[in-house]
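Each remark here refers to the structure printed beneath this line.
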Amino acid sequence: MEDQSNFDELKQKYQPILDLLVESGVCVTRLELQDHKLLVEGEAPSEHIQQELTARICELYSGLVCDLRVNLPGSQTAEDAGLATEGEIENYVVTDLLRAEFENES
């Protein structure tokens with residue numbers, strides 16, 4: 001029962017980040033409590049989004065473990081699929097959203 005309570009608390013605490021993942025096109029495939037941290041697994045639409053979100057979340061949120069994989073059809077690369085790998089605009093948006101969530105949490 002305590003685990004469920006901890007899970008619910010962490011899920012509520014990190015709901016803005018979960019929402020950001022979905023807004024960024026991530027398909028969350030697993031959400032559970034692991035070693036007193038919220039574990040989020042999912043599939044990102046591009047390698048850039050996967051790397052940016054994973055790095056920022058690990059840097060800013062110690063109670064959240066984020067394991068994202070890139071979901072591309074077949075063996076396409078991000079460039080073949082027409083997805084940004086440099087992603088200057090993507091980077092700006094994701095970074096600003098994460099920074100805003102971090103400031104709200106502090």
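No value in this document is a laboratory result; all are computed from the given coordinates. Predicted model, so just to flag it, every value in this text is computed and none were measured. Here the Cβ positions follow ideal geometry from the backbone for every residue, glycine too, while neighbour counts run over all protein chains shown.
Annotations
- Each label point was placed 7 Å from the Cα along the Cα-to-Cβ direction; for residue 39 and residue 62 their separation is 2.1 nm.
- Environment charge at residue 28 (Cβ cut-off 13 Å; Lys +1, Arg +1, Asp -1, Glu -1): -3
- Computed from backbone phi with θ = phi - 60° and the Karplus coefficients 6.51, -1.76 and 1.60, the 3J(HN,Hα) list for region 47-63 is 5, 4, 4, 4, 5, 5, 5, 4, 5, 5, 5, 4, 6, 9, 10, 6, x Hz; x is used for glycine and proline.
- All other residues whose Cβ lies under 13 angstrom from that of residue 68 are scored, Lys and Arg at +1 and Asp and Glu at -1, for a net of -2.
- A Förster radius of 22 Å, combined with the Cβ-Cβ distance separating residue 5 from residue 51, puts the computed FRET efficiency at roughly 0.10.
- In order along region 2-11, the Karplus-derived 3J(HN,Hα) couplings, from 6.51 cos²θ - 1.76 cosθ + 1.60 at θ = phi - 60°, round to 5, 4, 5, 5, 4, 4, 4, 5, 5, 4 Hz, and Gly and Pro are given as x.
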